[in-house]
Amino acid sequence: MSTDAHSATSGHASRSPKRVLVIGASGTVGSAVAEALTAAGHEVIAASRRSTPPVDLADPPTIERLFDAIEPVDAVVSCAASALPTPLTDPGFAESIGPKLHGQIELVVQAVEHLRDGGSITLTSGAIPDDMAGTAGGALVNAGLEAFVKAAVIDLPRGPRLNVVRPGWVAETLASLDMDEADGTPAAVVARSYVEAVDGRANGTTITP
Ligand SMILES: NC(=O)c1ccc[n+]([C@@H]2O[C@H](COP(=O)([O-])OP(=O)(O)OC[C@H]3O[C@@H](n4cnc5c(N)ncnc54)[C@H](OP(=O)(O)O)[C@@H]3O)[C@@H](O)[C@H]2O)c1
């Protein structure tokens, strides 16, 4: 695992039990993150479009309703929504970047109002293989999120820590696509980066599992 230039502040700051909202907790990455956070002694509140209440990052009022429905949390982790490969000239191109880019930014804006003091927010970007068709949207989303996190920590109200995890191919995802899972990182290994983001001191960083 590595972090970017601001990583000097990363480390094991607090292992005290926390309430952690995990959006996308039923997914390949999110389920491993929920499991790892639970194993680290944290309480996980799992959410997605099919949870109760449901939350859809593409639909900001559902984010507000989710926060209104739960007690304040110490950390918010997002492993939800992908920018699916979409050709640049496809009419759905702009829409393809919405949930993961704008949705996670909207999540940050709303989360700062609902976090306990000293809280943290962890988003997900991703590493995209070179020369892969249809990935301009995903590349834009990932770079945008990483730049956003670095800049936004400066003016976030109430000063929660904010980081983003940049997974590459996840082994289980490759296996589900009948590709060689040896080319990916197991979800359980990727999940360690999210636990580090929740428990450590990193702020404004991109964490690469
Ligand atoms: N897996 C990989 O190889 C890989 C590589 C690089 C980056 N990533 C990134 O890691 C993140 C998680 O990927 P994954 O492979 O775990 O995805 P996944 O298995 O498809 O799971 C996605 C999770 O997010 C939820 N979700 C999807 N759209 C949502 C929305 N609009 N609002 C709220 N929840 C939503 C899903 O549940 P519901 O359907 O119930 O909403 C599910 O819990 C994504 O951002 C992805 O781009 C993954």
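The values are calculated or read from the model by the stated rules, or taken from the named source; none is laboratory data. In this text, all values refer to a predicted model and were calculated from it rather than measured experimentally. Quick reminder, even Gly has a Cβ in these numbers, built from the backbone with ideal geometry, and neighbours come from all protein chains shown. These accessible areas exclude ligands, DNA and RNA; they are computed on the full protein's heavy atoms, side chains included. Shrake-Rupley method; radii C 1.70, N 1.55, O 1.52, S 1.80 Å.
From the square roots a ≥ b ≥ c of the eigenvalues of the alpha-carbon gyration tensor of segment 94-209, which class results: rounded (a/c under 1.5), prolate (a/b over b/c), or oblate? Oblate shape, in that a/c is at least 1.5 and b/c is the bigger or equal ratio.
Placing dummy labels 7 Å off each Cα toward the beta-carbon, the span from ARG15 to GLU35 is 2.1 nm. In order along segment 163-176, the Karplus-derived 3J(HN,Hα) couplings, from 6.51 cos²θ - 1.76 cosθ + 1.60 at θ = phi - 60°, round to 9, 9, 9, 10, x, x, 3, 8, 4, 5, 5, 4, 4, 5 Hz, and Gly and Pro are given as x. If you run the Gaussian network model on the chain, springs between alpha carbon atoms under 10 Å, then out of GLY118, GLY98, GLY168 the most flexible one is GLY118.
In this simple spin-label approximation, ALA152 and ASP90 carry label points 7 Å from Cα along the Cα→Cβ vector, and these lie 2.5 nm apart. Here ARG65 sits with roughly 140 square angstrom of accessible surface, probe radius 1.4 Å. Under 5 Å from the amide H of ILE45 lie the amide H atoms of VAL20, LEU21, VAL22, each residue being 5 or more positions distant or on a separate chain, with H modelled from the backbone and absent for Pro and chain starts. Considering only ASP117, ASP130, ASP180, the mean-square fluctuation computed in a Gaussian network model of the chain, springs between alpha carbons under 10 angstrom, is largest for ASP130.
For the chain, the share of DSSP beta bridges that are antiparallel, to the nearest 5, is 10%.
Listed values for segment 130-140 are Karplus-derived 3J(HN,Hα) couplings in whole Hz (6.51 cos²θ - 1.76 cosθ + 1.60, θ = phi - 60°), namely 5, 6, 9, 5, x, 9, 4, x, x, 5, 4, and x replaces Gly and Pro.
Per residue, the chain exposes 48 Å² of accessible surface when a 1.4 Å probe is rolled over the protein heavy atoms with every protein chain present. Charge tally around GLY144: other residues with Cβ under 14 Å, Lys/Arg +1 each, Asp/Glu -1 each, net +1. Taking the DSSP bridge list for segment 88-209 and keeping only pairs wholly inside it, about 0 percent are antiparallel.
3J(HN,Hα) along segment 15-27, derived from phi through the Karplus expression 6.51 cos²θ - 1.76 cosθ + 1.60 where θ = phi - 60°, amounts to 10, 5, x, 10, 8, 10, 7, 10, 8, x, 5, 8, x Hz, with x in place of Gly and Pro. Structure remark: mean-square fluctuation, Gaussian network model of the chain, C-alpha springs under 10 Å; the largest value among THR122, THR28, THR52 belongs to THR52. The overall shape of the chain is rounded: from the C-alpha gyration tensor, with semi-axes ordered a ≥ b ≥ c, the ratio a/c is less than 1.5. For ASP117 and ASP178, a Förster radius of 41 Å and the Cβ-Cβ distance give a FRET efficiency of 0.30, rounded to the nearest 0.05.
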